[in-house]
Amino acid sequence: MESNIFSSSKDVFLDAVNAKDYVQLDRVSTIYQSLKNSVKKPLKMVLLYGKPGTGKSMFLSKLYQDLSSSQQVHLYQTPILDESEFFKTLSKDLFNIKYIGELNFTQFLVILNENNLYDIPLVLLDEAQLYSSEQMEKIRLLADTRKIKFVITLHKTEREDLIAKEHFQTRIWETIELENASAVELKMYIQKKLMKANCFDGANIFNNKSVQLIHKITKGNYRDTNKLLYTVFDIYTWYSENNPSKINTRQISNKIIEMAAIHTGLIDA
Amino acid sequence: MLNIYDLEKKWLTYKIKSFLPVISIFIALLIIIIAIYLFVDLKKLNILDTTIPSTITKKQENNISNAVQESLKKETPVVQSKDISQEIVTPTRVEEAIQLPPRNETPSHEKNILEPSMAFMETMQSKPLRQTTNTQKTVPKNTVQVPKKQTATTITQKPQTQLTHETNSITIKKQNTYEDIEYVIKRFKKNNNPALSLFVAKKYYELGEYKQAYNYALITNEINNNIEASWIIFSKSLVKLNQKAKAIQTLQQYINHSDSNQAKLLLKEILSGKFK
């Protein structure tokens, strides 16, 4: 019975980008709302940036889910690094044109000019730092035509800052930065996530101290937190099956949190 | 796949590692505190060292004064009880006490001390005179040579037999006199004053320890052969030690030398058998 609780709680923290798993926190909701407003504005580009694991992909996924019913939105979670393939995919998704053979930037511009859409389509590009600088330049030129709107996400690193400066500084109208969660936000995130999955027992075992320890280990990074808690519940599952006397089901053990952190590499033992 | 046992081990090492800085900081702080404490302590000692000389001299003075005081106490037994009780409590008084008796005057102290013992000696001498006037018996014995070793065997029993006849009050006195004798012997060893050895001889004679009386009388005679009382005690002790002939011979020689009346009287008593 107990192992089932831990097992189901463990599944909640599987590292998967799913809009259904989006947890609404105060600060995050404000940022999301501002992103939604920015999309409605006649902007050429919106840059969403932040450290890895701060929820950029989740934001795009959530935006896609929310806007797809009201307007044409296309989400590309994995970058299409081949240029021809990128334009062919855009041609197919935006104008429903299946292009056979190579499709270069000029040919795509012709297609774009020939097919005027009433609503400007929104293209969401995740992991944009993986695109080459040439390809990024072409994406900028496409945005300049005001016939396609782009929302791109970038990892906030030195290299990506440079990309942002070189290609988007003068063209981006809106930049949104995503940050790690505070300890309070993290507690809400964990509990809301568990309660959303009906894991009430799992949600109740987290107290302020344990969340502070988790926050200390993960620095409020959502991806790391998910990874850590997945392992925590994995360890709990093992103990409940093999040595149940060693665990307290009422309160999460700091020892197990630290063990999970060691296992995931968040703590260097 | 989770390996919990391995994880538990890793966690244990991690915990030890995480506590190491805390422990090392604690130890470092402890060492610093101890070092500071020792430093402060040493500083205090240094301060004391600079201030101590004056105090030491005072202490030394006190010690010296105490030593002097003790020596004075020994030399002046009458004053002893008064000085000790008062001067130990207040060291200033000790100093005063030291200053009072100048060093050159110590012989005068000795004279003062010896006075009562000399008086005692006189009383000792006076008693046999009265007794010997009434009886005269001659017991001639020509030659008696008594070796000192032989006396040693006979002496040990005689005092005991005499002591058994004495009352309890006398034994208490004896204890006191023994202490006095010891004290006087100590003094005698220091200054070789014949008056002191004579006093000891008389006391021993009084206590019935004739061998000791004989010895101290002999010592006194060696130092000064003109002390009448010493020859008297010497002779009396010889009689008591069953060396009557020797005693008579000694007395005769002394009479020839000094023409002492007391010696003559004693000789008569011995010869008549009145003095045994």
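Quick notes on this one:
- Between A:Asn115 and A:Asn4, full extension at 0.36 nm per residue minus the direct alpha carbon distance yields a gain of 34.5 nm.
- Peptide A:237-246 shows a mean partner chain C-beta count of 1 within 10 Å per residue C-beta.
- Order of A:Thr78, B:Thr220 under a 10 Å beta carbon neighbour criterion, fewest first: A:Thr78, B:Thr220
- Using a Förster distance of 30 Å, the FRET efficiency for A:Ser132-A:Lys41 (Cβ separation, nearest 0.05): 0.60
- Relative contact order, percent, chain A [alpha-carbon distance under 8 Å, six or more residues apart]: 29 percent
- 18 Å Cα-Cα threshold exceeded, pairs from A:Lys36/A:Lys196; A:Lys20/A:Lys196; A:Lys20/A:Lys88; A:Lys40/A:Lys192: A:Lys36/A:Lys196; A:Lys20/A:Lys88; A:Lys40/A:Lys192
- The value for chain A of Rg(Cα) / (2.2 N^0.38 Å) is 1.18.
- Total charge dipole magnitude, the stretch A:26-178, about the Cα centre, Cβ charges on Lys, Arg, Asp, Glu only, Debye to nearest 20: 480 debye
- Inter-label distance for B:Asp6 and A:Asp82, nm, one decimal - labels placed 7 Å from Cα along Cα-to-Cβ: 4.0 nm
- The distance between label points at A:Glu177 and B:Lys264 comes to 14.1 nm (points 7 Å beyond Cα on the Cα→Cβ vector).
- Shielding value for A:260-268 is 3, the average number of Cβ atoms from other chains within 10 Å of each residue's Cβ.
- Sorted by Cβ density within 10 Å, fewest first, the residues A:Trp238, B:Trp231: A:Trp238, B:Trp231
- Counting every other Cβ atom within 10 Å of each residue's Cβ, A:Arg140, A:Arg250 order from fewest to most as A:Arg250, A:Arg140.
- Between the amide H of A:Val151 and those of A:Val46, A:Val123, A:Leu124, A:Leu125, distances stay under 5 Å, these residues lying 5 or more places away or on another chain, with hydrogens modeled in the peptide plane.
- Nearest-0.05 FRET efficiency for B:Leu42 and A:Gln251, computed from C-beta distance (R0 60 Å): 0.70
- The mean number of Cβ atoms from other chains found within 10 Å of a Cβ in peptide B:1-14 is 5, as a whole number.
- Equivalent ellipsoid dimensions for the stretch A:26-178 as semi-axes, Å, which come from the Cα gyration tensor, largest first: 24, 18, 14
Coordinate-derived values only; no laboratory data. These numbers were taken from a predicted model, which means no experiment stands behind them. All Cβ positions, glycine included, derive from the backbone under ideal geometry; neighbour counts span all protein chains shown.
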